[in-house]
Amino acid sequence: MAQATQEFGEWPLKRLMTEVCGSGHKSADDLTRAQATEAFERILADEPDPTTLGAFWLANRWKRNTPEELGAYVDVMCERVEYAEPDVDPVDCGANYDGKGRTAILGVAAGAVAAAAGTPVVVHSGDRVPTQKQDAYKHVLDELGVHTELTPADSADMVDETGFGFYYQPAFNPAIDDLFDRRDQMGVRTFVNTIETLANPAGASVHLGSFYHLAFAKKVVDTFVESEFHDLDRVLMFQGMEGYDDVRPGYTKVAEWDAAGGSDGEGDDPGSDGASFDDFEIETAEYGMDLEEADLAVDDVAVDSARITEEVLAGERDDAFADAVAVNAALRIYAREDADSIEEGLAAAREAIDDGSATNVLEELRAF
């Protein structure tokens, strides 16, 4: 242990548990940036005892991580990410990696439609990531016959050639992928499930994500602000189905952050408490998505999502799935400010489907 202490510093995880964060969710203290940095460096180096690691992850879950802690964890992760930036600047879509189990994954279709309308999109995921280990972006693309186990450089080329790109976690973020077995043994989500979605492997300036509650969207924005690695221009997040980046039907809250939004006022908070952050509510029925979440349920998420993607892009569906894909594409277009409003983004999305551009993107992806 003396050698480990000399290498990493003065805060092994057991000491952090005893003196800082392990006394319960009401009395625990938060970690400093330096403590959080050291803790995650130790974890990625496989230094902690498995029992101590599990206890530390649970303690973080119980007390709830601060943006400063998450920012430190993100930065330690990003130092180990292999970045490959395409020539274009895409929208980064970091959906929950542990996937969906009940409703169709709409992000592949929505991303292809947005790409066809002129908004490049990047998605990223792993393969059966804990804890749910359900279907994610990779599995829909596999069913569509699109190559997914790409190097980061190939993923960047995919974006430039087709407007849509997939980055595979084991290839661009192997340090997190190496935690698979330990995360699987936990049986519950940890802060790793949050930060892996923020890796942004294409170096995009716009992030699109989802949340259950607005407080989480604010925490993500503040995490990006606390991160010394990321320098985003915009973040758009909304209430998503099953925690994924597919907007849920009905009365839905949207959170929008613009890095330049708080610059007018001297001393203005650059995070979620400042003028740079706004939240508003939309009724998806007003954009043609007049349906219930149950209308988007499927039996086999990967297989059915792939079939729905093909049919929507080809203009062969005029139903709930087609409406949902169009609205989700519109939000991607709006996130990058390629449209001034969601309505304008929706018109561009529907035109990309009607004129055949969207299905052409899928064919280009298959040929890549």
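The values are calculated or read from the model by the stated rules, or taken from the named source; none is laboratory data. Since the structure is predicted, the reported quantities are computational estimates derived from the model, not experimental observations. Glycine also receives a Cβ, built like all others from the backbone with ideal geometry; neighbour counts cover every protein chain displayed. Only protein heavy atoms, including side chains, enter the accessible area calculation; ligands, DNA and RNA are left aside. Shrake-Rupley method; radii C 1.70, N 1.55, O 1.52, S 1.80 Å.
A few remarks follow.
- Any hit, the range 352-359, residues being open to solvent by 10 Å² or more (accessible area, probe 1.4 Å), among the β-branched types (Val, Ile, Thr) and under 23 Å from GLN134 (Cβ atoms): no
- Scanning the range 175-205 for residues that are open to solvent by less than 10 Å² (accessible area, probe 1.4 Å) and of a type in the set (A, V, I, L, M) yields ILE176, LEU179, VAL192, ILE195, LEU198, ALA199, ALA202, ALA204.
Let's see how each residue does on (1) under 14 Å from the mean Cα position of the chain (by Cα); (2) among the aliphatic types (A, V, I, L, M); (3) more than 19 Å from GLY356 (Cα to Cα):
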residue: ALA110; (1), (2), (3): no, yes, no
residue: GLN132; (1), (2), (3): no, no, yes
residue: ALA136; (1), (2), (3): yes, yes, yes
residue: THR148; (1), (2), (3): no, no, yes
residue: THR151; (1), (2), (3): no, no, yes
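- Options ALA115, ALA156: the member that is in contact with a strand residue (DSSP E or B) (Cβ under 6 Å, 6 or more places away or on another chain) and either open to solvent by 10 Å² or more (accessible area, probe 1.4 Å) or farther than 17 Å from ARG332 by Cβ (or both): ALA115
- Inside the range 5-40, residues that are among the polar types (S, T, N, Q) and crowded, with 20+ Cβ neighbours inside 10 Å make up a count of 2.
- Condition broken by GLY243, with the remaining ones in (1) at pLDDT below 95; (2) open to solvent by 20 Å² or more (accessible area, probe 1.4 Å) satisfied: (2)
- Leading residue by the ranking (surrounded by the fewest Cβ atoms within 10 Å (Cβ to Cβ)) among those in the range 131-145 that are over 19 Å from GLU196 (Cα atoms) and not hydrophobic (A, V, I, L, M, F, W, C): GLY145
- Of everything listed in (1) open to solvent by less than 20 Å² (accessible area, probe 1.4 Å); (2) free of Cβ contacts under 8 Å to residues at least 60 places away in the same chain; (3) among the acidic types (Asp, Glu), the single unmet condition for GLU256 is (1).
- The residue of the range 41-90 that is farthest from GLY187 (Cα to Cα), among those that are among the small types (Gly, Ala, Ser) and open to solvent by 20 Å² or more (accessible area, probe 1.4 Å), is ALA45.
- Among the residues making up the range 206-226, those that are open to solvent by less than 10 Å² (accessible area, probe 1.4 Å), farther than 16 Å from HIS124 by Cβ and of a type outside the set (A, V, I, L, M) are PHE211, THR223.
- Some residue of the range 93-103 being surrounded by 24 or more Cβ atoms within 10 Å (Cβ to Cβ), under 30 Å from ALA348 (Cβ atoms), at pLDDT 95 or above and more than 13 Å from the chain's Cα centre (by Cα): yes
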